[in-house]
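The values are calculated or read from the model by the stated rules, or taken from the named source; none is laboratory data. Note that this is a predicted model, so its numbers are computed, not measured. Virtual Cβ from ideal backbone geometry, glycine too; neighbours counted across all protein chains shown. Ligands, DNA and RNA are excluded from the accessible area calculation, which covers all protein heavy atoms including side chains. Shrake-Rupley method; radii C 1.70, N 1.55, O 1.52, S 1.80 Å.
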Amino acid sequence: MSTNLELKKQAVAEIVEKFKGAKSVVVVDYMGLTVEEVTGLRAKFRAGGVDYVVYKNTMVRRAIDELKITGFDEVLKGPSAFAFSQRDEISGAKIIKEYMDNDKRKVLSIKAGYIEGQTIDAKGVEALAALPPKEVLIARMMGSLNAPITNLVGVLSATLRSLVYAVDAVRKQKAGE
């Protein structure tokens, strides 16, 4: 077997492992970004626990065929870069959306995404980026669960407080105060 074919198989295996290990993947068209811009973007990705990699579309097609992922046929045309989020589902999408919002030239564009076995379009990735962090969602949920109990305690304590005031008023009246 030729070494070129062996290298291609290794590349496909690497892509398969990236897809398997990622909590989400965002595919972007990076055409037009300067080297400085890509370097700055990579630094943001690194800080966010996201792997930003450029792969050949043919290698990615082979990898997603192996993983039986559908919905990437139209996406894998032209230059494509992949942001593999390792920490959580939204960090890659958030970093890309933040970059796009601050980029005056509007060069970077989202092609698609992949999360929890589902391929999502660019609008889905933008909606994912709009979600608050996981900790905020958990805090909101806990607050929602805690609210009825807090309200019940308030109502019960108000009832007891009213009873205490009534008993105290009766005591004062009988004492002649």
> Within the bounds of segment 124-131, is there any residue that is loosely packed, with under 13 Cβ neighbours inside 10 Å and over 22 Å from residue 19 (Cβ atoms)?
Replying inline: yes
> What number of residues within segment 1-43 satisfy the criterion of being touching a Leu at 6+ places or on another chain (Cβ under 8 Å), open to solvent by 80 Å² or more (accessible area, probe 1.4 Å) and among the hydrophobic types (A, V, I, L, M, F, W, C)?
Replying inline: 0
> Which numbered condition trips up residue 77, out of (1) at pLDDT 90 or above; (2) surrounded by 14 or more Cβ atoms within 10 Å (Cβ to Cβ)?
Replying inline: (2)
>> Let me confirm something: among 124, 143, 154, which residue is touching a strand residue (DSSP E or B) at 6+ places or on another chain (Cβ under 8 Å), not in a loop (DSSP other than H, G, I, E, B) and not hydrophobic (A, V, I, L, M, F, W, C)?
In response: 124
>> Return the pair list, or none, for Cβ contacts closer than 9 Å from residues in segment 144-163 that are open to solvent by 80 Å² or more (accessible area, probe 1.4 Å) to residues that are polar (S, T, N, Q), at least 6 apart or on different chains.
In response: none
> Restricting attention to segment 96-114, and to residues there that are in contact with a strand residue (DSSP E or B) (Cβ under 7 Å, 6 or more places away or on another chain) and more than 9 Å from residue 26 (Cβ to Cβ), which single residue is surrounded by the fewest Cβ atoms within 10 Å (Cβ to Cβ)?
Replying inline: 109
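Would you point out which residue out of 107, 136 is at pLDDT 80 or above, more than 30 Å from residue 72 (Cα to Cα) and β-branched (Val, Ile, Thr)?
Being at pLDDT 80 or above, more than 30 Å from residue 72 (Cα to Cα) and β-branched (Val, Ile, Thr) holds for just one of 107, 136, which is 136.
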> residue 145: of a type in the set (A, V, I, L, M, F, W, C) and closer than 30 Å to residue 19 by Cα, yes or no?
Replying inline: no
